[in-house]
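Okay, structure first, notes after.
Each value in this text was obtained by applying a stated rule to the coordinates, not by laboratory testing. Computed from a predicted model, the values in this text were never measured in an experiment. Positions of Cβ are generated from backbone atoms using ideal geometry, with glycine treated the same way; all protein chains shown enter the neighbour counts.
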Amino acid sequence: MTSTRHFALIPAAGVGARMGADCPKQYLPLAGKLMMMHVLDTFASSPLIEHTFVVVSAEDGYIRDALASAGHLEKRVSVLFNGGETRHQSVLNGLKAVREQVADDDWILVHDAARPGLTVELLERLVSALREDAVGGLLALPVVDTLKRSDGFGRVAQTVAREALWAAQTPQMFRYALLRHALEQAAAVTDEASAVEALGLRPRLVEGSPRNFKVTLPHDVSLAELHLKGNS
Ligand code: C5P
């Protein structure tokens with residue numbers, strides 16, 4: 001079946017405490033526009049994406065102005081003011097809110113507002129890799145560094161073999177009904193794939209890109225700008 005549609009769901013209800021900025025990090029200016037607008041523009045410019053939903057907190061005082069100055073997004077993006085205490089809860093609240101607009105078999109691409117380096121090419125790579133997939137999957141990168149597990153006191157307790165290890169990115173793409181069920185069943189999870197894994201399923205790993213990293217700390221902002229300005 002190719003009639004299933006693709007929707008984007010962007011959890012953006014975090015405060016970005018580690019960034020230590022005056023506003024939530026998704027509203028920081030970055031290479032000429034707000035971080036969030038890079039993400040929304042990418043999804044809006046892919047013909048594979050039916051519509052994009054952004055989940056913000058009920059108190060969000062930024063999104064209306066941000067969208068008011070981006071008229072081209074008016075028909076492509078809707079805002080849900082029902083973010084939760086955690087990313088997990090924000091995604092689940094978003095899924096519940098769009099129930100009437102989305103079929104059980106439609107694909108949902110969940111993408112962090114704090115990953116402005118996503119490109120149309122990357123998101124379309126994910127969509128085409130998963131077109132016939134029974135489970136769904138995510139963008140991720142093979143780990144290249146040797147990994148150490150700390151003993152909690154600043155010393156190495158163990159070296160972890162990096163073979164077969166991947167670092168999860170987003171988008172993470174699953175069908176609506178499966179994703180909602182997985183998130184409703186799961187204890188606290190930090191990504192959608194782990195909720196689906198907890199059901200005994202194996203999401204597909206699709207190679208992402210270093211430029212699709214999550215902006216978390218203050219120095220990440222200039223690195224993200226380098227990628228966005230250089231468009232590399
Ligand atoms: O804090 P972190 O960078 O891990 O957040 C990842 C994404 O989840 C961000 O886009 C953030 O806005 C979102 N989030 C959310 N609701 C929360 C916490 C985080 O939508 N309560």
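Got the relative contact order for segment 23-141 handy, in percent, Cα pairs under 8 Å and 6 or more residues apart?
Once divided by the residue count of segment 23-141, the mean separation gives 28 percent.
Please give the charge dipole size of the chain, origin at the Cα centre, charges +1 on K and R Cβ atoms and -1 on D and E Cβ atoms. Round to the nearest 20 debye.
Dipole about the Cα centre, nearest 20: 340 debye.
Where the centre of each part is set by its Cα atoms, how far does segment 91-143 sit from segment 150-197, in angstrom?
Centre-to-centre (Cα) distance: 15 Å.
Going by C-beta contacts inside 10 Å, put GLU207, GLU74 in order with the fewest on the left.
So the residues, fewest neighbours to most, are GLU74, GLU207.
Of SER45, VAL160, TYR62, which is farthest towards the positive pole of the chain's charge dipole, taken about the Cα centre with +1 and -1 on the beta-carbons of Lys, Arg and Asp, Glu respectively?
Comparing the listed Cα positions along the dipole, VAL160 ranks first.
Residues with amide H under 5 Å of LEU30's amide H, sequence separation 5 or more or different chain, H placed in the peptide plane at 1.01 Å from N; which?
Amide H neighbours of LEU30, under 5 Å, 5+ apart: MET35.
So, in nm, how far is label GLU74 from label GLU197 when the simple model puts each one 7 Å beyond its Cα toward the Cβ?
Modelled inter-label distance: 4.4 nm.
For the chain, set up a Gaussian network in which alpha carbons nearer than 10 Å are linked by springs, and say which option among ASP105, ASP65, ASP220 fluctuates the most.
ASP65
Could you work out [θ]222 nm for the chain from helices alone, using -39500 (n - 2.57) per DSSP H run of at least four and dividing by all its residues? Round to the nearest 500 deg cm²/dmol.
-8500 deg cm²/dmol
Counting pairs of alpha carbon atoms under 8 Å apart in space and at least six apart in sequence, what relative contact order in percent does the chain give?
Averaging sequence separation for qualifying contacts and normalising by length gives 23 percent for the chain.
What does the net charge come to around PHE213 if you take all other residues with beta carbon closer than 12 Å to its beta carbon, with K and R at +1 and D and E at -1?
With Lys, Arg at +1 and Asp, Glu at -1, the neighbours total +1.
For segment 10-15, what does the Karplus curve 6.51 cos²θ - 1.76 cosθ + 1.60, with θ = phi - 60°, yield as ³J(HN,Hα) per residue in whole Hz, taken in order and with x for Gly and Pro?
Result, rounded to whole Hz: 10, x, 9, 9, x, 9.
Going by how many other beta carbons lie within 10 Å of each one, how would you line up THR86, THR42, fewest first?
THR86, THR42
Enumerate the aspartates and glutamates that LYS33 could reach by cross-link, defined here as Cα to Cα under 14 Å, with residues fewer than 8 away along the same chain left out.
Excluding near neighbours in sequence, the set is ASP41, ASP65, GLU225.
Run through segment 44-120 and list the trypsin sites (Lys or Arg not before Pro) located in a DSSP loop whose Cβ has at most 10 other Cβ atoms within 10 Å.
Details: sites: ARG64, LYS75, ARG76, ARG87, LYS96, ARG99; in loops: LYS75, ARG76.
Hits after loop and neighbour filter: LYS75.
Given points 7 Å out from each Cα along the Cα-Cβ axis, report the LEU48 to GLN185 separation in nanometres with one decimal.
2.7
Take segment 69-110, compute every pairwise Cα distance, and split them into 10 Å bins from 0; I just need the percent in each bin.
In order of increasing distance, the bins hold 23, 47, 28, 1 percent.
Among SER46, SER128, which comes first, second and so on when ranked by fewest other beta-carbon atoms within 10 Å? Please report the intermediate quantities before stating the final value.
Working: SER46 18, SER128 11.
Ranking SER46, SER128 by Cβ neighbours within 10 Å, fewest first, gives SER128, SER46.
Return the long-range amide H neighbours of PHE53 (sequence gap of 5 or more, or a different chain), with a cut-off of under 5 Å between placed amide H atoms.
ALA8, LEU9, ILE10, SER78
Around LEU179, with a cut-off of 11 angstrom between Cβ atoms, what is the net charge of the other residues, counting Lys and Arg +1 and Asp and Glu -1? Let's see the in-between values first.
Details: positive: ARG175, ARG180; negative: ASP104, ASP106, GLU184, GLU192.
Within the 11 Å Cβ shell, the charges total -2.
For the chain, what does the equivalent ellipsoid look like in terms of its semi-axes, each the square root of 5 times an eigenvalue of the Cα gyration tensor, given largest first in whole Å?
Listed largest to smallest, the semi-axes of the chain are 26, 23, 18 Å.
When the Karplus curve 6.51 cos²θ - 1.76 cosθ + 1.60 is applied with θ = phi - 60°, which whole-Hz ³J(HN,Hα) does each residue of segment 21-34 get, with x for Gly and Pro?
Coupling constants for segment 21-34: 8, 6, 10, x, 4, 5, 9, 6, x, 8, 6, x, 8, 5 Hz.
Would you mind calculating the gained length between ASP22 and VAL156 on full extension (0.36 nm times residue separation, minus the Cα-Cα distance), in nm to one decimal?
44.6 nm
By average Cβ neighbour count within 10 Å, what is the ranking of 10-18, 147-155 from highest down?
10-18, 147-155
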